[in-house]
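The values are calculated or read from the model by the stated rules, or taken from the named source; none is laboratory data. Please read these numbers as outputs of a predicted model, since none were measured by experiment. Glycine gets a Cβ as well: all are built from the backbone with ideal geometry, and neighbour counts include every protein chain shown. Areas reflect the complete protein model, heavy atoms only, side chains present, ligands, DNA and RNA absent. Shrake-Rupley method; radii C 1.70, N 1.55, O 1.52, S 1.80 Å.
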Amino acid sequence: MGDLPEAFLGPHKRFVAYLRIECGLSENTLLAYGRDLRDLFASLAERGIASPAAVSPREVVEHVAGLKSARGMSPASVARHLAAIKVFYRWLEGNGEIEENPTSLLDRPTKWKKLPDVISPRQMAALLKCPAPDEIDPEQPPLWLRDRSLLELLYGSGLRASEAAGVTLQDVIETLRVVRVRGKGNRERLVPMSEPAIDAVREYLRHCRPRLTRPDGRDGGRLLLSKTGRPLERVAIWQIVKKRAIEAGLTDVHPHMLRHSFATHLLIGGADLRAVQEMLGHADISTTQIYTHVDRSRLKSVHSKFHPRG
């Protein structure tokens with residue numbers, strides 16, 4: 001990878017960081033994505049293409065076709081490879097780095113469908129209760145209030161880690177009980193805040209955040225701050241969620257899992273799919289529909305209860 005132009009190296013590094021922090025993918029999956037994208041970038045560079053953004057749909061098709069014909073990859077490996085490319089270009093499009101997605105017309109590989117990981121309402125309740133006062137130095141800010149606010153926003157409003165990091169003081173509109181969120185492609189949406197989230201943010205603003213701010217204005221008006229008074233970054237959010245999950249007796253929990261759980265628990269409770277789509281900020285409802293497949297037991301119980309032959 002080191003012999004590729006910087007125009008390829010930069011997007012590759014940022015994309016892998018996105019998969020690790022935002023999506024919480026395993027190391028094995030990250031390595032597989034990295035290999036697949038290196039194959040693509042090497043192919044593009046050999047054809048004289050200057051950057052990932054300069055590729056055409058035809059060049060992507062030719063590259064994928066060559067995986068089987070020239071390299072003898074199995075259909076499953078080709079499907080995984082294509083899936084990685086499609087996710088990469090959706091990410092570029094969502095960030096506004098390309099105007100047209102060269103993979104948008106390619107068939108979605110059927111083997112790619114993977115249900116999102118969620119945690120149960122009982123486990124979520126344990127996680128949300130975890131940040132609590134302890135015997136700490138009274139001279140230090142009560143960061144547990146910040147951590148509780150973060151968890152309530154991630155789960156109560158279905159925010160991505162990057163979205164939570166970007167929330168400003170003005171984005172919390174308590175009178176309307178909503179939070180303004182800037183999602184992919186800088187699209188804005190208003191998402192309802194739960195009562196516990198409102199209470200948590202109110203207590204954080206009253207007792208913690210004022211003790212984190214600095215006179216130099218380094219906070220940038222952001223809601224969630226680090227102990228040094230700077231805006232909380234995505235990596236720090238991932239670390240906080242992981243730390244609090246371990247304290248609650250949970251493993252392999254990441255910020256995006258709270259977002260998955262938000263959507264799944266709403267749909268299990270009977271929420272309208274379109275409403276969940278709007279709250280999540282999904283441009284395409286097909287992205288939201290994956291959550292309808294998570295709780296099969298509910299469908300079985302509904303069939304058993306209401307169908308004449310149930």
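Only one of L232, L225 is touching a residue at least 12 places away in the same chain (Cβ under 8 Å), in contact with a Ser or Thr (Cβ under 6 Å, 6 or more places away or on another chain) and among the hydrophobic types (A, V, I, L, M, F, W, C). Can you tell me which?
L232
Yes/no per residue for (1) exposed (fewer than 12 other Cβ atoms within 10 Å of the Cβ); (2) at pLDDT 95 or above; (3) over 22 Å from P142 (Cα atoms):
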{"site": "D171", "(1), (2), (3)": "no, yes, yes"}
{"site": "R180", "(1), (2), (3)": "no, yes, yes"}
{"site": "P192", "(1), (2), (3)": "no, no, yes"}
{"site": "P196", "(1), (2), (3)": "no, no, no"}
{"site": "P210", "(1), (2), (3)": "yes, yes, no"}
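With (1) loosely packed, with under 15 Cβ neighbours inside 10 Å; (2) in contact with a strand residue (DSSP E or B) (Cβ under 8 Å, 6 or more places away or on another chain); (3) not in a loop (DSSP other than H, G, I, E, B) as the list, and G220 as the residue in question, which single condition is left unmet?
The one condition G220 does not meet is (3).
Could you tell me whether A65 is modelled with pLDDT of 85 or more and either surrounded by fewer than 19 Cβ atoms within 10 Å (Cβ to Cβ) or within 30 Å of the chain's Cα centre (by Cα) (or both)?
When the stated conditions are applied, A65 does not pass them.
Which of the residues spanning the range 198-208 are open to solvent by less than 30 Å² (accessible area, probe 1.4 Å) and out of contact with any Leu (no Cβ under 6 Å at 6 or more places or on another chain)?
I198, A200, V201
State whether the residues of the range 249-259 include one that is more than 21 Å from T292 (Cα to Cα), open to solvent by 30 Å² or more (accessible area, probe 1.4 Å) and modelled with pLDDT of 90 or more.
yes
What do you reckon, is I285 open to solvent by 50 Å² or more (accessible area, probe 1.4 Å), modelled with pLDDT of 75 or more and aliphatic (A, V, I, L, M)?
So I285 fails the test.
If I ask for residues that are open to solvent by less than 20 Å² (accessible area, probe 1.4 Å) and under 16 Å from H81 (Cβ atoms), which ones from the range 16-39 would you list?
Matches in the range 16-39: L19, L30, A32, Y33, G34, D36, L37.
Restricting the search to the range 146-186, which residues are in contact with a strand residue (DSSP E or B) (Cβ under 9 Å, 6 or more places away or on another chain) and assigned to a loop (DSSP other than H, G, I, E, B)?
S157, G158, L159, R160, V167, L176, R177, G183
Scan the range 182-228 residue by residue and report those that are under 23 Å from the mean Cα position of the chain (by Cα) and hydrophobic (A, V, I, L, M, F, W, C).
Correct list: L190, V191, M193, A197, I198, A200, V201, L223, L224, L225.
Given the condition open to solvent by 10 Å² or more (accessible area, probe 1.4 Å), without any contact (Cβ under 8 Å) to a residue 40 or more places away in the chain and among the acidic types (D, E), answer yes or no: does some residue in the range 139-153 qualify?
Within the range 139-153, one or more residues are open to solvent by 10 Å² or more (accessible area, probe 1.4 Å), without any contact (Cβ under 8 Å) to a residue 40 or more places away in the chain and among the acidic types (D, E).
Quick one: count up the residues across the range 199-237 that are of a type in the set (A, V, I, L, M, F, W, C) and within 10 Å of A165 (Cβ to Cβ).
Selection size over the range 199-237: 6.
Please list, ordered by first then second residue, the pairs with beta carbon atoms under 7 Å, 6 or more apart or interchain, first in the range 185-207 and at positive phi, second modelled with pLDDT under 95.
G185/G94; G185/G96; N186/G96
Restricting the search to the range 100-126, which residues are open to solvent by less than 70 Å² (accessible area, probe 1.4 Å), farther than 14 Å from R259 by Cα, touching a helix residue (DSSP H, G or I) at 6+ places or on another chain (Cβ under 8 Å) and modelled with pLDDT of 65 or more?
Correct list: N101, P102, T103, L106.
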